[in-house]
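Right, one structure below, let's go through it.
The values are calculated or read from the model by the stated rules, or taken from the named source; none is laboratory data. Since we're looking at a predicted model, the values are computed, not measured. FYI the Cβ positions are ideal-geometry reconstructions off the backbone, even for glycines, and counts take in every protein chain you see. Surface accessibility is based on the protein's heavy atoms, side chains included, excluding ligands, DNA and RNA. Shrake-Rupley method; radii C 1.70, N 1.55, O 1.52, S 1.80 Å.
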Amino acid sequence: MAKQKGNSEERYNLPDERGHFGQYGGIFVAETLMGPIQELNAAYSACMQDQAFLDELDEQLRQYVGRPSPLYFAERWSRKLGGAKIYLKREDLNHTGAHKVNNTVGQALLAKHMGKTRIIAETGAGQHGVASATVAARLGLECVVYMGEEDIQRQAINVFRMKLLGAKVVPVTSGSKTLKDALNEAMRDWVTNIDNTFYIIGTVAGPHPYPAMVRDFQAIIGREARQQIQSQEGRLPDALVACVGGGSNAIGLFYPFIDDKSVTMYGVEAAGEGIATGHHAAPLCAGKPGVLHGNRTYLMEDQDGQIIPTHSISAGLDYPGVGPEHAWLKDSGRAQYVSVTDEEALQAFHDLTRIEGIIPALESSHALAYATKLAPTMDKEQIIIVNLSGRGDKDIHTVANIEGISL
Amino acid sequence: MSRIADRFAALRQQGRKALIPYITAGDPGPAVTVPLMHAMVKAGADILELGVPFSDPMAEGPVIQRAMERALEHHVSLSDVMQMVATFRQQDNETPVLLMGYLNPVEVMGYAKFATMAAESGVDGVLLVDIPPEEAEDLLAVLKAQQLDMVFLVSPTTDDQRIQRIAAAGSGFIYYVSLKGVTGAGHLDTAEVEDRVSRIKRFSDLPVAVGFGIKDAESAARVAKTADAVVVGSALVKKVEEKNGAADKLETAISALLQEIRHGIDAV
């Protein structure tokens, strides 16, 4: 997507035509998927050049999703932390309660243009599943959502929402029974039903063009934030903070700022019980490069190249890989990747709820937790934008459970 | 010439088609694999395809997924699998062995180390499901340096242009996946297979093997009419699962099924 910046420096324009971000990304799939992926890539490229498609997308984002989402100055919280001014990009206020819908609206529109009648999706926390079921209901498409058995337990409310929306939720019992296994199962469905099926991947992972496509659909977050902060503060922010599981909300916020070298970007991974314990989901902070789910990126893997189990309090961050563009941004030094523990995220969850009256998703609470560390190190004139990627209603049971409260 | 090319050349002279059984290495335990490899050769296998366990086998149906999970319970690694081939080679220096798996264990080991170890162990070729020729340049170079074949898949969705690219990149043989879907799926459309195999042969002199959906003598015979080789995987792995734990019964069951399929192919 075109960016509004007129300097002579070389502009960021990754991935290349084969989907590579440096050594990361690419297309690593079984041969049967190569044809459908080429078809998808062609349709996607055509649609992004097609003004009628872009207008339709824009209209849906306004009328159905409720965009633009506000950029809210968390004044009381900022004052308490005693440092930089913290702005929250309120993706929690989108229809369905998270940033995920930006992407599903885009991909479903693409599916319709390609004449596909059936949508499949994988989901971890259930937000992407709900967002997929939502757009499928609206377009009258059949929808099947793959979800790890363990996540189905953790996210019962979202499972029921998907069913209400008419989707079929298929429990995945293979492997670790979480998001990565749901992705495997969705890939298996796709390879079997490629003639009528569109696979809506929920994050910036998967084979090319998914990482670029999902980024482009999510980049509305950063484009709005960039404009909003300029009109509200008259300048660009000093730092951006977003949680990173697969990394779609983070890349959505970061991407329109990549050429703004004065803006520091922090991606926050889930340290779970602590990086040192091994029970975490922080491939960028503690993993190694490898190939999984169609692309080369940082992974949580053992010395034999097997993918290892991850842990996070938040199902949406519980993924052993990460979008290849984040791998590139890390290696190139353009973005910093840090991690916060379950406990720190939980504390931030409570803080924002009590101080600002906003119940954040546990995923987003990781970004908030890092902001509580970062803000006091900056001065009062400086600005941080935190992506509040989703609301916490879905996590109420998890939090109650942890705190020994039965609802 | 590689063992794989030699084997196909010999079979062609005899007017026979190749039988390629697949098992997952280390399933249900590491000790079973080498004796089972010998038993399969005795039962009529021409080339052995040995699955390297991977935690996220995206192209496999439930039968082979479970086989990989069983092997991984014993932490069977890529180097363990190559060690099994080395042991197999102590008694059989003729039968070609193809490793089948996913890219990540090879990535983590490092391409050069993998190629060296594979050649030293007596591996003849490798088929990695999730690396298309577009991404395989570096790997192909190191495999070639060790005279190892790299086998690529062609599927029902592969167009002519890609068939040519795959034919140019690969060696040993071309593996035609007979259906859209994962391993172990049901339906086999013989007419389409016939059409596809002859299309591949228009662009390549490499032998064409057909796999996915072949489970008995009858389906093998139908495929053998047009293909140079028949791959049988899930049907065998299912036997492994059924006889879980009992090594002798396992060998008997696998041998019986292979012999039956062998007869089916030879009757063509």
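Please determine whether any residue of segment B:66-77 is over 16 Å from the mean Cα position of the chain (by Cα) and either basic (Lys, Arg) or at pLDDT below 95 (or both). Taking every residue of segment B:66-77 in turn, at least one turns out to be over 16 Å from the mean Cα position of the chain (by Cα) and either basic (Lys, Arg) or at pLDDT below 95 (or both). Scanning segment A:35-67 for residues that are crowded, with 18+ Cβ neighbours inside 10 Å and either in contact with a strand residue (DSSP E or B) (Cβ under 7 Å, 6 or more places away or on another chain) or not hydrophobic (A, V, I, L, M, F, W, C) (or both) turns up A:36, A:37, A:41, A:44, A:60, A:67.
The condition of being among the aliphatic types (A, V, I, L, M), surrounded by fewer than 22 Cβ atoms within 10 Å (Cβ to Cβ) and farther than 14 Å from residue A:285 by Cα holds for only one of A:308, A:313, that being A:308. Taking the residues in segment B:189-206 that are open to solvent by 30 Å² or more (accessible area, probe 1.4 Å) and not in a helix (DSSP H, G or I) as candidates, determine which candidate is farthest from the other protein chains (Cβ to nearest Cβ). Among those that are open to solvent by 30 Å² or more (accessible area, probe 1.4 Å) and not in a helix (DSSP H, G or I), it is B:205. Could you tell me whether any residue of segment A:195-205 is modelled with pLDDT under 95 and not basic (Lys, Arg)? Yes, segment A:195-205 contains at least one residue that is modelled with pLDDT under 95 and not basic (Lys, Arg). Scanning segment B:126-149 for residues that are within 13 Å of another protein chain (Cβ to nearest Cβ) and farther than 23 Å from residue B:181 by Cβ yields a total of 4. Kindly establish whether residue B:111 is within 14 Å of another protein chain (Cβ to nearest Cβ), more than 13 Å from residue B:50 (Cα to Cα) and hydroxyl-bearing (Ser, Thr, Tyr). Yes: the conditions hold for residue B:111.
One residue stands out among those in segment A:22-34 that are more than 9 Å from chain B (Cβ to nearest Cβ) and within 17 Å of residue B:131 (Cα to Cα): the one that is most open to solvent (accessible area, probe 1.4 Å), which is A:23. Tally time: how many residues in segment B:150-160 are without any contact (Cβ under 8 Å) to a residue 40 or more places away in the chain and either assigned to a loop (DSSP other than H, G, I, E, B) or within 10 Å of chain A (Cβ to nearest Cβ) (or both)? Qualifying residue count for the region: 6.
Right, residue B:185: surrounded by fewer than 23 Cβ atoms within 10 Å (Cβ to Cβ), touching a residue at least 24 places away in the same chain (Cβ under 8 Å), within 14 Å of chain A (Cβ to nearest Cβ) and among the small types (Gly, Ala, Ser) or not? Please lay out each step first, then the result.
Numbers: surrounded by fewer than 23 Cβ atoms within 10 Å (Cβ to Cβ): yes; touching a residue at least 24 places away in the same chain (Cβ under 8 Å): yes; within 14 Å of chain A (Cβ to nearest Cβ): yes; among the small types (Gly, Ala, Ser): yes.
Spelling it out, residue B:185 is indeed surrounded by fewer than 23 Cβ atoms within 10 Å (Cβ to Cβ), touching a residue at least 24 places away in the same chain (Cβ under 8 Å), within 14 Å of chain A (Cβ to nearest Cβ) and among the small types (Gly, Ala, Ser).
Filtered by the rule that a residue be hydroxyl-bearing (Ser, Thr, Tyr) and open to solvent by 20 Å² or more (accessible area, probe 1.4 Å), segment A:116-131 gives a lone residue, A:117.
Scanning segment A:299-327 for residues that are outside any helix (DSSP H, G or I) and under 16 Å from the mean Cα position of the chain (by Cα) yields A:312, A:314, A:318, A:319, A:320, A:321, A:322, A:323. Contact annotation: residue pairs with Cβ atoms under 7 Å, 6 or more positions apart or on different chains, pairing a residue in segment A:81-95 that is surrounded by fewer than 22 Cβ atoms within 10 Å (Cβ to Cβ) with a partner that is among the acidic types (Asp, Glu), are A:83/A:379. Residue-level check: of (1) part of a helix (DSSP H, G or I); (2) open to solvent by 20 Å² or more (accessible area, probe 1.4 Å); (3) in contact (Cβ under 8 Å) with a residue 24 or more places away in the chain, residue B:166 misses just (2). Got at least one residue in segment A:288-309 being touching a Pro at 6+ places or on another chain (Cβ under 6 Å) and among the small types (Gly, Ala, Ser)? Looking through segment A:288-309, at least one residue is touching a Pro at 6+ places or on another chain (Cβ under 6 Å) and among the small types (Gly, Ala, Ser).
Across segment B:219-268, the number of residues qualifying as of a type outside the set (Gly, Ala, Ser), open to solvent by less than 70 Å² (accessible area, probe 1.4 Å) and farther than 21 Å from residue B:35 by Cβ comes to 6.
Looking at segment A:275-298 only, could you name the residues that are part of a loop (DSSP other than H, G, I, E, B) and more than 14 Å from every other protein chain (Cβ to nearest Cβ)? Show your work before the answer.
Within segment A:275-298, the first condition is being part of a loop (DSSP other than H, G, I, E, B), and the residues that meet it are A:278-280, A:282, A:287, A:293.
Residues satisfying the conditions are A:278, A:279, A:280, A:282.
Filtering segment B:166-182 down to residues that are facing chain A (nearest Cβ under 10 Å) and modelled with pLDDT of 90 or more, which residue is farthest from the chain's Cα centre (by Cα)? Filtering first and then ranking leaves B:166.
Just wondering, is there one or more residues in segment A:328-339 that are surrounded by fewer than 24 Cβ atoms within 10 Å (Cβ to Cβ), under 18 Å from the mean Cα position of the chain (by Cα), in a loop (DSSP other than H, G, I, E, B) and among the small types (Gly, Ala, Ser)? Checked segment A:328-339: no residue is surrounded by fewer than 24 Cβ atoms within 10 Å (Cβ to Cβ), under 18 Å from the mean Cα position of the chain (by Cα), in a loop (DSSP other than H, G, I, E, B) and among the small types (Gly, Ala, Ser).
Residue-wise test of (1) open to solvent by 20 Å² or more (accessible area, probe 1.4 Å); (2) away from chain B (no Cβ under 14 Å); (3) in contact with a Phe, Trp or Tyr (Cβ under 8 Å, 6 or more places away or on another chain); (4) without any contact (Cβ under 8 Å) to a residue 24 or more places away in the chain.
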| site | (1), (2), (3), (4) |
| --- | --- |
| A:107 | no, yes, yes, no |
| A:133 | no, yes, no, no |
| A:144 | no, yes, no, no |
| A:149 | yes, yes, no, no |
| A:159 | no, yes, no, no |
| A:172 | no, no, yes, no |
| A:191 | no, no, no, no |
| A:195 | yes, no, no, yes |
